[in-house]
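S.K.: Have a look at this one.
The values are calculated or read from the model by the stated rules, or taken from the named source; none is laboratory data. Because the structure is predicted, anything quoted here is derived from the model rather than measured. Don't worry about glycine lacking a Cβ; one is built from the backbone with ideal geometry, like all the others, and counts go over all protein chains shown. Protein only, heavy atoms only, side chains kept; ligands, DNA and RNA dropped before computing areas. Shrake-Rupley method; radii C 1.70, N 1.55, O 1.52, S 1.80 Å.
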Amino acid sequence: MSVAKPLPHDAAALHVTGQARYVDDIPAPAGTLHLAFGLSGVARGRIVSMDLAPVRAAPGVVAVLTAEDLARDADTSPSAHDEPLLAKGEVFFEGQALFLVIATSHHAARHAAAKARVGIDAMPPILTVDEALAADSRFEDGPRIYGKGDAPAALATAPRRLQGRFDLGGQEHFYLEGQAAMVWPQEGGDMMVFSSTQHPTEIQHKVAHALGLPMHAVRVECRRMGGGFGGKESQGNALAIACAVAAQATGRPCKMRYDRDDDMRITGKRHDFRIEYDVGFDDTGRVTAVSFHHYARCGWSMDLSLPVADRAMLHADNAYDLAHVRIESHRLKTNTASATAFRGFGGPQGMVGIERVMDHVAHTLGMDPAEVRRRNYYPSAAAVAKGAEAGTTPYGMAVTDFELHDMTARLLETCDYAARKAAIADWNAANPVIKRGIAFSPVKFGISFTLTHLNQAGALVHVYQDGSIHLNHGGTEMGQGLFQKIAQVAASRFGVPMDMVKITATDTAKVPNTSATAASSGSDLNGMAVKAACDTIRDRMAEHLAERYQTTPDAVRFEGGEVIVGEARMSFADAAKSAWMARVSLSATGFYKTPKLEWDRIRGTGRPFFYFAYGCAVTEVAIDTLTGENRILRADILHDCGASLNPALDLGQIEGAYVQGAGWLTTEELVWDDTGRLRTHAPSTYKIPACSDRPDIFNVTLWDGQNREDTIYRSKAVGEPPFMLGISAWLALSDAVAACGPAYPALNAPATAEEVWRGLQRVRHGL
Amino acid sequence: MSRIHVTTTINGDPVEYLCDPEETLLDVLRDRLGLTGSKEGCGTGDCGACSVTMNGRLVCSCLVLGAEAEGAQIATIEGMAKGETLHPLQRKFIEHAALQCGICTPGILVAAKSLLERNPDPTEEEARYWLAGNLCRCTGYDKIIRAVMDAAAEMREAS
Ligand code: FES
Ligand code: FES
């Protein structure tokens, strides 16, 4: 069976030879035009003049469009219809698209765009949390509040209590392939769209809307993305719509890609948060009550900010059984690019909040932070199975699959946590300049879309008369290995080798009404849908062969590339041919919807998640106390993928996610100036982890378990959960800083060298 | 603006093209010659996705002008395998699952090959610092380094 094998990525051979095609690599038809947006250089204001004559006169320019030139109201928003493709009189962030240049080459379009003379009557932008609160600039009428018990009363009577506050930066996706789209006009006004997108159905929907066409007139295809991470859930809409509008206007194929600097200016990022906390606890480290305020900067438009901020609230407990908890979430509207989905979708921000609380409590009590965490864990799945009462989350969902007690014990033992912690204390006592730190952090991450209706998926499978299999489903491939995992499922259902299965591009004409490949749900949802489609065909083949060999369908077995019917054996190809000759349909769709979900996001109660995925990490760091420079020395990870569909791909996801998560909290700093311009809009100024930053020792192990829920081969989703293992790197830096003085370091994130240095001033001088 | 006529060698084959004076070698490779294995990740020399070698030296093709290739020997990812036979680095990248979205892979392979040509026995640290200019957002680099070290060991044995 192909499932559970550590097979390489499906297109690995194409990738290593440079043959794998991304959108920008697809050969463009002769006469293809190229697009660029003219961008606002002002964060907030009213457009008073737009002289585009120099743009039109520039070499290679075919046409220039403004909002007024559009026949219809082209909108790029995935939620609230509040993002016009091109600004309509007002601008709301620096980098907003004002006009669209259509030219004969990418460079001609960009150079021409820079020639516009735009007059904008600038207004003071709302940029910071404080400015937004002062102006009451927000989405939704007020804060959302979730909770359980009576946090204010429990805080008032808590044996001990402390408060804190920190800023938690956003994050640029830095998918190495920038946003890209290409549209080919078809006969009768139909449009064929190639888009680097995690959400082809959304592209189809938005393009159809912008052109005034029914969805059936627009077909969207995506074979692969060069990274997505959430940044291609909605942020590709503008390019696909622009290409479609231009293709409709000119009748020619149109193509658009963002230059990196433009990409970073225009597209949304992870939401940055300010988090305030107030916690009550006792002398044993047990938290008795906690209250959080989340202030999320959402940018100028709604995009996906509400579900992102919701998910932050839903992870404010992380792994801890909190009796009294209150979470108040403010979704602030600011004059910055519209913050959007990013791996973890708010979960990481919520989780950092409670991990900070645990760290602060442990520091105050002088206890081992790992021990404080364990004392606050939810009851274990094993105990619950034996009749112990399950813990309930702040949103009222029982936690029945909690694996972290055993996982924590195993990881702390295998990474030699206690001995290393003691050795680090000795080192720190002996060395005045280089200090070291170590930290443990756990992850409990809820799996499912919190918008319940999105938890559905479709698949389309054909078996040809030579036994070869065509596989299609609604999930998209962005490097996570989804296509290979799903192909493994299909090969396993038919008992055939992997090379019999052809993986094909995601295509809205094959599987309609798909959800974004997001929320880590890709293999859970699409795996089940493909399984259903394969089983339908297999059952039909079995029925046919049973009839032919005078037996019952359950006597027909599919294995080893063969079909076995009692004494008879034949190749899968012969079985397929036999079914075809007997006029049996060898094509089927499959469908899946996640069971057991029920969620009320306004009241904040129900079961938003099918199950939880778990993981834990220990990170060791060193800091230079003279400069704040720091590095990760070692990371040890134990992560739960249930029964892994493909251990090689899962390990890769975990490693990449950890490094990306650690990058978020350490080096990746987004800086806006006082006028709202993003000053970190290229890899020269925005520092993602490089090969030289990789920990010297990096041990990643899969927890040997099974999903307790009935998922595809009892596997668990893996895309997002391990991202939050990177929190341990931030906590380890805090531990190292704490070795330098009595006060709590109170680090903000990202803990850049500068922030570590500021932390040192705080612990030494109480600054 | 008159175009420049360039005669060069790419992956051992003689090639001629006309390019604009300000056109980069990366654009020439991708848009004029259809060699789309080299990728644009930044266009400013910071990501390594466009890595090629020019007269044996590792360069970012986004920072080289197409006109500068006159008379040079250019090697790109497309020339790394010899027919159907993959270079050991290519094989090891597959074996170690050292890629995810794969868009950094061509550049990293070109850079790693250039490392092993000048230093067949690098330490892990040398490999990490040599490849520090090749960004990968997906993998976390661990498997990339393992693949490079393993390929280096195999190539040393074979030679
Ligand atoms: S594209 Fe050349 S270094 Fe990034
Ligand atoms: S594999 Fe995606 S950037 Fe390296």
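S.K.: If A:Glu172, B:Glu125 are ordered by their accessible area, calculated over protein heavy atoms with a 1.4 Å probe, which sequence runs from highest to lowest?
M.R.: B:Glu125, A:Glu172
S.K.: With label points built 7 Å along Cα→Cβ from the Cα atoms of A:Glu559 and A:Gln465, find their separation and express it in nm.
M.R.: It works out to 3.1 nm between the two label points.
S.K.: A further question follows. Does the range B:48-159 come out rounded, prolate or oblate by the C-alpha gyration tensor, with a ≥ b ≥ c the root eigenvalues, rounded set by a/c under 1.5 and, if not, prolate when a/b is larger than b/c and oblate if not?
M.R.: Taking the square roots of the gyration eigenvalues as a ≥ b ≥ c, the range B:48-159 is prolate.
S.K.: Residues of the range A:639-663 losing 40 Å² or more of accessible area relative to the isolated chain, 1.4 Å probe, heavy atoms only?
M.R.: Listed by number, the residues meeting the 40 Å² cut-off are A:Glu655.
S.K.: Averaging sequence separations of C-alpha pairs under 8 Å and six or more residues apart, then dividing by the length of chain A, give the relative contact order as a whole percent.
M.R.: Value for chain A: 15 percent.
S.K.: Just by accessible area at a 1.4 angstrom probe, what is the order of A:Ser234, A:Ser105 from largest to smallest?
M.R.: Of A:Ser234, A:Ser105, the descending order of accessible area is A:Ser105, A:Ser234.
S.K.: Calculated from DSSP H runs of 4 or more alone, at -39500 (n - 2.57) each and per residue, what is the 222 nm mean residue ellipticity of chain A, nearest 500?
M.R.: -9000 deg cm²/dmol
S.K.: If you don't mind, there's one more thing I want to ask. Mind checking how much accessible area A and B bury in total, 1.4 Å probe, in Å² rounded to 100?
M.R.: Interface area, both chains combined: 3900 Å², rounded to the nearest 100.
S.K.: Can you bin the protein assembly as shown into rounded, prolate or oblate? Criterion: square roots of the alpha carbon gyration tensor eigenvalues sorted a ≥ b ≥ c, rounded for a/c under 1.5, prolate for a/b above b/c, oblate for the rest.
M.R.: rounded
S.K.: Within a 10 angstrom radius of each residue's Cβ in B:43-49, how many Cβ atoms of other chains show up on average? Whole number is fine.
M.R.: Numbers: counts 5, 6, 2, 6, 8, 4, 3.
Averaged over the peptide's residues, the number is 5.
S.K.: With every protein chain kept in place and ligands, DNA and RNA left out, what is the accessible area per residue of the range B:38-159? Probe 1.4 Å, answer in Å².
M.R.: 38 Å²
S.K.: May I pose another question? Counting only protein heavy atoms, probe 1.4 Å: which residues of the range A:677-698 lose 10 Å² or more of accessible surface in the full assembly compared with their chain by itself?
M.R.: A:Pro683, A:Ser684, A:Ile688, A:Pro689, A:Ala690, A:Cys691, A:Ser692, A:Arg694, A:Asp696, A:Phe698
S.K.: Next question, about the same structure. Quick one: order A:Asp466, A:Asp524 from most to least accessible surface, probe 1.4 Å.
M.R.: The residues order as A:Asp466, A:Asp524, largest area first.
S.K.: If you add up the charges near A:Asp278, with Lys and Arg at +1 and Asp and Glu at -1, over every other residue whose beta carbon is less than 10 angstrom from its beta carbon, what do you get?
M.R.: Taking every Cβ under 10 Å from that of A:Asp278, the sum is +2.
S.K.: Here is a further query. Hey, what's chain A come to in accessible area per residue, 1.4 Å probe, Å²?
M.R.: Per-residue accessible area for chain A comes out at 34 Å².
S.K.: Which lysines does A:Lys502 reach when only Cα atoms under 16 Å apart count, and residues fewer than 8 places away in its own chain are ignored?
M.R.: Within the straight-line limit of under 16 Å, A:Lys502 reaches these lysines: A:Lys485, A:Lys510, A:Lys531.
S.K.: Next up: Identify the trypsin sites (Lys or Arg not before Pro) of the range A:361-406 meeting these criteria: DSSP loop state and at most 12 other C-beta atoms within 10 Å of the C-beta.
M.R.: The qualifying sites are A:Lys386.
S.K.: Out of residues 5 or more away from A:Trp703 or on other chains, whose amide H comes under 5 Å of its own, with H placed 1.01 Å from N in the peptide plane?
M.R.: Amide H neighbours of A:Trp703, under 5 Å, 5+ apart: A:His639, A:Asp640, A:Cys641.
S.K.: Any residues in the range A:168-213 that have 50 Å² or more less accessible area with all protein chains than in their chain alone, probe 1.4 Å, and which are they?
M.R.: A:Leu176
S.K.: Residue separation times 0.36 nm, minus the C-alpha to C-alpha distance between A:Asp282 and A:Thr66: what's the value? Intermediate results must be reported in sequence, preceding the final value.
M.R.: Values: separation 216, 0.36 × 216 = 77.76 nm, distance 6.22 nm.
Length gained, A:Asp282 through A:Thr66: 71.5 nm.
S.K.: Just tell me which aspartates and glutamates come within less than 18 Å, Cα to Cα, of A:Lys596; anything on the same chain fewer than 8 places away is out.
M.R.: A:Asp401, A:Asp524, A:Glu709, A:Asp710
S.K.: Right, here's the next one. State the percentage of accessible surface on the protein assembly as shown attributable to carbon and sulfur atoms; use a 1.4 Å probe and exclude ligands, DNA and RNA.
M.R.: 51 percent
S.K.: If you don't mind, another one. Of the cross-linked pairs A:Lys232/B:Lys113; B:Lys113/B:Lys143; A:Lys255/A:Lys687; A:Lys435/A:Lys687, which ones have a Cα-Cα span greater than 21 Å in the structure shown?
M.R.: A:Lys232/B:Lys113; A:Lys255/A:Lys687; A:Lys435/A:Lys687
S.K.: Continuing with the same structure: Which cysteines in chain A lack any other cysteine whose Cβ sits under 4.7 Å from their own Cβ?
M.R.: Flagged as lacking a Cys partner: A:Cys222, A:Cys298, A:Cys415, A:Cys534, A:Cys616, A:Cys641, A:Cys691, A:Cys740.
S.K.: Of the trypsin sites (Lys or Arg not before Pro) in the range A:670-759, which ones lie in a loop per DSSP and count no more than 13 other C-beta atoms within 10 Å?
M.R.: The qualifying sites are A:Arg679.
S.K.: What number comes out for the charge environment of A:Ala246, summing +1 per Lys or Arg and -1 per Asp or Glu over other residues with Cβ under 14 Å away? Could you put the intermediate results ahead of the total?
M.R.: Working: positive: A:Arg72, A:Arg252, A:Lys255, A:Arg257; negative: A:Asp69.
Counting the neighbours of A:Ala246, the net charge comes to +3.
S.K.: Which loop chymotrypsin sites (Phe, Trp or Tyr not before Pro) in the range A:165-205, with loop taken from DSSP, have no more than 13 other Cβ atoms within 10 angstrom of their Cβ?
M.R.: none
S.K.: A further question on this structure: Using only helices, what value at 222 nm comes out for chain B when you add -39,500 (n - 2.57) per DSSP H run of length 4 or more and divide by the total residues, to the nearest 500 deg cm²/dmol?
M.R.: One gets -9000 deg cm²/dmol as the mean residue ellipticity at 222 nm.
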